[in-house]
Amino acid sequence: MTTKYQWNNIFLSIIVIALFIFPFVIDSRSWTILLTQIFIFSILAMSYDILLGYTGIVSFGHAMFFGIGAYTTAVMLDRIEPTISVFILSIATGMIIAGIISFLVGLMTLRLKSHFFAMLTLALSGLFLVLAEKWRSLTSGNDGFTFRAPEFFKDRIMFYLVVLVCLIVVYILLRRFVQSPLGHVLVAVRENEQRTKSLGYNTLHYKVIASVVAGVVASLAGAFYAISLRFVNTSVLTMDITLDALLMTIIGGVGTLIGPIIGAGVIELSQHYLSGLAKDYPIFERWIIFFGIIYILAVIFFPSGIVGTFIKWFSKKKKTSGIENKSRSAGL
């Protein structure tokens, strides 16, 4: 008998196949670019879900690692040469730098209580933003700089496919990570850190590991984001990036991995269509207000996120049908 787990895998496989063939069936440059952006922010949102959803850590400095990945790729492609080998090297370099910084930041801040930790990560992220603004010889400050992407990525479809493959690989690796014994300890830390400590686990070590994993994955998203624009400036280090990741995770479903992907799609599509309506309807020039309304409605009707709400609904339905079957078998 086909299990629920197998049906989920079949459903996900159909979606993945459809995404792979989409750019060859629908000849739309705007849709290809939009979906690529969704894939990039899905990677960022999944990295944030490791902190918020599986470890219970609220960070306001996640844009720091996103920006590190973006600037590392942009600077190396601009200063060395725009080739695939340099691009791969830049991703690896960005991941290493993000991993080291997230490790050090984790050791310094994760001993603090949640709200103090959130404020300190915001301060550290602001420090990196100021550094990027002032180090003009490297970053060109707020003005930013353009750079050439590798020839391989000149074709938007090839870039679309590469980002999609990376999204799938990151999802599989993070899924294995959260389903491992280490991932189970992270969930225990989220639910009750004091009880987890009493069982003999050094919770600080586990939280630092989660912070490093999240930082490394966020830097990958930043690298692809820079390539998608062929331009980078200090906006990649702003609070807006962290808030986007937070909203995508909450709307999609905290602690589900697939939820942040859906949340990224909802956020990016909403921004795209609401800003596009401003061309024809002046009222949508303040589209951010309508975006806020959408977020409020999502929280009201999907308090556990889209995926979390559906999981609860199906679990409740299954439980109800199970009780009915027992009643029938008992002759009631």
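The residues of segment 51-81 that are surrounded by 24 or more Cβ atoms within 10 Å (Cβ to Cβ) and β-branched (Val, Ile, Thr), listed by number, are Thr55, Ile57, Ile68, Thr72, Thr73. Candidates in segment 127-175 are the residues that are touching a Leu at 6+ places or on another chain (Cβ under 9 Å) and among the small types (Gly, Ala, Ser); of these, the one that is nearest to Thr242 (Cα to Cα) is Ala132. Residues in segment 34-48 include none that are modelled with pLDDT under 95 and either farther than 16 Å from Tyr225 by Cα or of a type in the set (Asp, Glu) (or both).
Restricted to segment 177-208, and to residues there that are charged (D, E, K, R) and surrounded by fewer than 19 Cβ atoms within 10 Å (Cβ to Cβ), the residue that is nearest to the chain's Cα centre (by Cα) is Glu191. If the condition is being assigned to a helix (DSSP H, G or I) and surrounded by 14 or more Cβ atoms within 10 Å (Cβ to Cβ), then segment 142-157 contributes Phe153, Arg156, Ile157.
Scanning segment 254-263 for residues that are surrounded by fewer than 24 Cβ atoms within 10 Å (Cβ to Cβ) and of a type outside the set (A, V, I, L, M) turns up just one, Gly255. Among the residues making up segment 108-118, those that are part of a helix (DSSP H, G or I) and surrounded by 14 or more Cβ atoms within 10 Å (Cβ to Cβ) are Thr109, Phe117, Ala118.
Is it the case, given these coordinates, that Arg176 is in contact with a Lys or Arg (Cβ under 8 Å, 6 or more places away or on another chain) and not hydrophobic (A, V, I, L, M, F, W, C)? Full working, then the answer.
On the way: in contact with a Lys or Arg (Cβ under 8 Å, 6 or more places away or on another chain): no; not hydrophobic (A, V, I, L, M, F, W, C): yes.
The answer is no for Arg176.
The requirement of being out of contact with any strand residue (DSSP E or B) (no Cβ under 6 Å at 6 or more places or on another chain), part of a loop (DSSP other than H, G, I, E, B), aliphatic (A, V, I, L, M) and surrounded by 13 or more Cβ atoms within 10 Å (Cβ to Cβ) is not satisfied by Val266.
The values are calculated or read from the model by the stated rules, or taken from the named source; none is laboratory data. Only a predicted model underlies this, so the values are computations on that prediction, with no experimental measurement involved. Backbone-built Cβ (ideal geometry, glycine too); neighbour counts: all protein chains shown.
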